[in-house]
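Computed from the coordinates by the stated procedures, all read-outs in this text should not be read as laboratory data. All figures in this text were calculated on a predicted structure; none of them were measured in a lab. When we count neighbours, we look across all protein chains shown, and the Cβ atoms used for this are built from the backbone with ideal geometry, even at glycine.
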Amino acid sequence: MTAQVIRPVAICVFRHEGRILAVRGHDPHRQGAYLRPVGGGIEFGESGAQTLVREVKEELGADIADVRFIGTLENRFRVGDEPRHEIVLVYDARFTDASLYGREVLRGKESDGTDYSAIWVRPEDTKPETPLYPEGLAALLAADQAMMASAKPAKAPRRKKSLVDLLHAHRADIEAIIAEFDRAQPPGTKRR
């Protein structure tokens, strides 16, 4: 039996045109396939975002930018007879090489040397026979998408105009009013 440890993990979905990037894996316990975003274990002293920069560079040979935290999931599962427990930090980011979004399959290599394929999938289109892990990820992404869609950009505060600003803005109008006033005065009347 392995030591019972809760493992901190960071994953990244790389949203693009309604799809996310997910690695195809095989679950020997269920005897079936599954999908899971790219990522890996957080090393001591490393932030979740730093983990993703490192993991994506090591596994896919790619650089990323604009890393944004989405939320946290708890993942409890079994590998054979061994219980596992992860706290999963979920992020979104973008590849600095935009050509990666045009590839149907991205080839990667795990730290143990195992090759893998990552594909673009729509979270809502995943099937029970090929679940998207960790459990709850599709719901978290849908909630985040709804929140992002409803967020309104903040308006810049309006600066109050000073009297001088108003006078400059309406100078022509003021001069026209004074000229009209002067014309309306009886001849020989002086303005104070």
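When every alpha-carbon pair in the chain is counted, what percent end up more than 25 Å apart?
Summing the P(r) tail past 25 Å for the chain gives 50 percent.
What angle, in degrees between 0 and 90 and rounded to the nearest 10, separates the Cα long axis of helix 137-150 from the longest principal axis of the Cα atoms of the chain?
It is inclined by approximately 10 degrees.
222 nm [θ] for the chain, helices only, -39500 (n - 2.57) per DSSP H run of 4+, per residue, to 500?
-8000 deg cm²/dmol
Helix 48-60: angle to the longest alpha-carbon principal axis of the chain, degrees 0 to 90, nearest 10?
Computed tilt is about 60 degrees.
Just how large is the dipole of the chain about the Cα centre, in debye to the nearest 20, putting +1 at every Lys and Arg Cβ and -1 at every Asp and Glu Cβ?
Roughly 1500 debye, rounded to the nearest 20.
Using a 7 Å offset from the Cα along the Cα-to-Cβ direction at both residue 147 and residue 122, what is the distance between the two label points in nm, to one decimal?
My value for the distance between the label points is 2.4 nm.
Only Cα pairs under 8 Å and at least 6 apart count here; give the relative contact order of the chain as a rounded whole percent.
23
Within the set of other residues whose C-beta is less than 13 Å from the C-beta of residue 94, count the net charge using Lys and Arg as +1 and Asp and Glu as -1.
So the surrounding residues net to -3.
Please provide three numbers in whole Å: the alpha-carbon extents of the range 6-51 along the principal axes, with the largest listed first.
Largest to smallest, the principal-axis extents are 36, 32, 11 Å.
How big is the shadow of the Cα convex hull of the range 44-95, averaged over all directions, in nm²?
4.6
Trypsin sites (Lys or Arg not before Pro), restricted to the range 17-71: which are DSSP loop and have at most 12 other Cβ atoms within 10 Å?
30
Note down the net charge around residue 140, summing +1 for each Lys or Arg and -1 for each Asp or Glu among other residues with Cβ under 14 Å from its Cβ.
-2
So if R0 is 22 Å, what FRET efficiency would residue 109 and residue 76 give, r being the distance between their Cβ atoms, rounded to the nearest 0.05?
Computed FRET efficiency for residue 109 and residue 76 comes out at 0.20.
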